[in-house]
Structures are given as C-alpha cells and as structure tokens.
Amino acid sequence: MLGAAKNSPVLHRPQPLRRLLRHLTTALNAAPPNGVVPTKDDYFSAIHHISNIVRRDHYLERTLNKLRIAVDSDLVYRVLRACSAHGTESLRFFNWARTHHPTYHPTTLELEELAKILARAKKYESMWKLLESMQTHHELTLSEETLCFVIEEYGRHGLVDQAVELFNRAPKTFRCSQSAGVYNALLFALCEGKLFHGAYALVRRMIRKGVVPDKKTYSILVNAWCSNGKMREAQLFLEEMSSKGFNPPVRGRDLLVEGLLNAGYVEAAKGMVRKMVKEGFVPDVSTFNALMEAICKCGEVDFCIDLYWEANGLGLCPDINTYKVLIPAVSKVGRIDDAFRLLHNSIEEGHKPFPSLYASIIKGMCRRGQFDDAFCFFSEMKVKGHPPNRPVYTMLITMAGRGGRFVEAANYLVEMTEMGLMPISRCFDFVTDGLKNCGKHDMANRIEQLEVSLRGA
C-alpha cells in the first residue's frame, strides 16, 4: 500500500505561500504571468499570513515590502479586521499601504474600521490625527454609527468629558445630526460614568429638542439603574415618561425585567415575571426568551417549563428563539417527553425543525440508551425538518459509537459522504476501531478505503 502510494502521481501539491503572494491580486479571475490562478482559499491564506506579519513582526514594513502584493481596499479592510486587537500595528499597516502603494486609495470602510480599532485601544490622539489627515486629503469622514461607537468607547474608558465634547462637535465637524442614536451613545457614556443625574437631564434635553426616545434610550437608563441597585429610580423614570406621553415601545415592566437580568438579578426578575403571570399578564416574547435563557443557565429547567405552559395559556406567542432556548435545555436534563411536546408545538405554529433543535433531542435519547428511537426520529426529521448538517451527523456517529452501535455509526458515516459532507478524521478512526473490536473487519476495511478515496480526491 505504501509502495503504491510512493510511486503514484502527486494529485495535489500546494503552492508555496511566498509564490502565491507574489502573484496575488484581489481580482481572482485575473491570470498572473506564470499561469497560476490563485483561488479564494489562496487569497484568504495570504490575508491570514499578512495579518500574522502585522501582529507579530517588529519590522512589519520591511517584511511586507518583500511580498510584493497588490493592495486594494478589500485586502486592507480584511487585514484590519483580523488585527482588531492591535491598534498601533494596524495603524502602521494602514500607513504602509497608503505610502508604498500609490494606486491604493483609502475608502470610508477602512477608515471607520481603523478608527474603531484605535478607539478600543485608547489611541485617541493617533485616531484624531488620522481622521484629520483623511478629511484633508481624501475628504473622508465618520458615519453616525462609527461616531456613536467612539462616544461609547470614551464612556467605557471613563472619559466622559471627551464624550460630551464629541457629541457637541458632531453637527459641525462631522456633519452628523444629533439623532436618537447619537443621544443614546452619550447616554450610555454618562451611565458608564455613573452620572445618572446628567443622563436624566440629557433625556429631558432630548425631548425638548424634539427627538423621540426609542427602546434603546429606555433600556440604557433602566439597565444602568438596575445594575446599581436603583430599582425604584428606574420605575419612577418609566412612570414619569409615561405620564408625559412618551411611552416606551415595550411595556415598562418588560424593561425592568431585562434590566434586572442584565444586572445579574435573576431571582428578582423571576419574581417580577411570576407576579405578572399571576395577575394575568405575560411579558414581551423577547423579554420572556431572555428570562428563559438566564434561568436555564442556572439549571432551573422545571421552573422554565412550568412558566412556559402557564404563559402559553395566557396568550404568549412563542417564537423560534423560545424553542431554541427551551428544547436543548429540556433535552439535556433528560426530559425527552417535554422536549417532544415543545417540538410539536413549534411545528404546529409553522416552524420547520432545523438541526440544532432536533439534534439536542436525539442526543438526549442516546444518553438514555434509546438508540432505536433516536435513529427512527432522525429518519423522520430528515423528511419533515431541515436537512441534517455536518455537526448533527458527527454527534450522531459519536453517540452511536459510544453506545456500541458501530454498524449504525458506519452507515451514517457513509450516508454523510453521500450528502457531500466531509466527516472529520476522528469519526473515521472511531468507527473503524470500533468495527474491528466487534469483529466487523470487512466493514472496517471499506470505511478505511472510503477515507483514503476522500482524502486523496
């Protein structure tokens, strides 16, 4: 076997990275001089290689000059994204691209990405020099979304005065109106600095200027108050806004529940929702989903199931995210009957089961030793649900193997390849070893041949 492999022709020999980089262009359909056309994999490999140089090479400019790469907007943006945790190095790479490649003209996309990187790294002086240069030479400026990001970063770093100054400069310097999004960014910065009186004053100014608060406005302030144990202030704020005719897009109690969850007060949130349900009210579905997720993480699955059925009886309309939270949690603790009831409910509501939903039920059944039921259910889901993906097959093969059902695991392995899904090496090893141990040597040899044919193709 080894001798045959040694004399067989080489099917695929990867091109050296240096050679690919030498002829790399972002237009993948452009043929380079030597006739080697780089593929998308080659392109992203090159970006990965360049990103490693930017992150780790002390003399990155000198090393990049040796590569002789064609630089354009897409390449610069992707490298900056890959180096988002390295502020100074990203700036050096951007300056190198501008100075060593006259054909490269920066766009707003790269500028905003680099501005975010520098803001995260607290390199504000470098960021402002860059923005001034780009505005002078290329007439590029920040969008509202990036401006809000910088204001929020000032707040996270405790630089509230600078956040206020940038907010005031926005209309003149960046030709950006003080919209609800910009107000929310400054509101977030003030709350990060625990300046609640200033935040409340900002909301009042927002209303005076004719800007209508949105859900995020309420959420920022309520979350901040709840995080600091100021539940009473949050309630008074919501009541006052309601009395002035500025009702939040969702009910005040939903905002309070979300605020308590974000602050980590799960028990208080549970108590509030329990009280709402007893009074005959149900929370907003997004609030309900957030509560279910938080409680499931604490392991209180019984409470979640009881609350689900109670809220369902009061008119709660669950969405697919409700089932994405509940079904895996219920299956994990072995309550398969409840998991099936939830799945059938989702199907009746028009949701087609997708792999991450039915996979958790199959895994739960395998853990309980119900392999025949699991295999039957899997066959049913292939018809009624979305087609299984690679992780589902990998899980099923692994669970079948752990239960000693190696013949079924081998069949699923073959079925997986017939669907065009490439199994991982561990699955092949796991199945072949199991088949040999239980005396199925012919089947084990066929699986080994299948692996060789797939790896060699």
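Values quoted throughout were computed directly from the atomic coordinates according to the rules given, and no laboratory measurement underlies them. What you see is a predicted model; the values in this text were computed from it and never measured. No Cβ is skipped: glycine too gets one built from the backbone with ideal geometry, and neighbour counts run over all protein chains shown.
General observations
- Binning the alpha carbon pair distances of region 124-246 at 10 angstrom intervals from zero yields the distribution 13, 44, 28, 12, 4, 0, expressed in whole percent.
- Burial order of peptide ranges 230-239, 358-367 (average beta-carbon count within 10 Å, highest first): 358-367, 230-239
- In the chain, the calculated helix contribution to ellipticity at 222 nm averages -22500 deg cm²/dmol per residue, counting -39,500 (n - 2.57) for every DSSP H run with n ≥ 4.
- Count Lys and Arg as plus one, Asp and Glu as minus one, and take only other residues whose Cβ is under 15 Å from that of residue 402; the net charge is then +2.
- Subtracting the Cα-Cα distance of residue 302 and residue 65 from their residue separation scaled by 0.36 nm leaves 79.1 nm.
- Distance between the modelled labels on residue 128 and residue 452, one decimal in nanometres: 6.9 nm (7 Å Cα→Cβ projection).
- Protection proxy ranking, highest mean first, for peptides 389-395, 220-226: 220-226, 389-395, where packing is the per-residue count of other beta-carbon atoms within 10 Å, averaged.
- With a Förster radius of 25 Å applied to the beta-carbon distance between residue 337 and residue 285, the computed FRET efficiency rounds to 0.55.
- Theoretical gain in end-to-end length, residue 424 to residue 57 [0.36 nm per residue, Cα-Cα removed]: 128.8 nm
- With viscosity 1.002 mPa s and temperature 20 °C, the Kirkwood radius over alpha carbon pairs of the chain converts through Stokes-Einstein to a diffusion coefficient of 78 µm²/s.
- Subtracting the Cα-Cα distance of residue 380 and residue 348 from their residue separation scaled by 0.36 nm leaves 9.9 nm.
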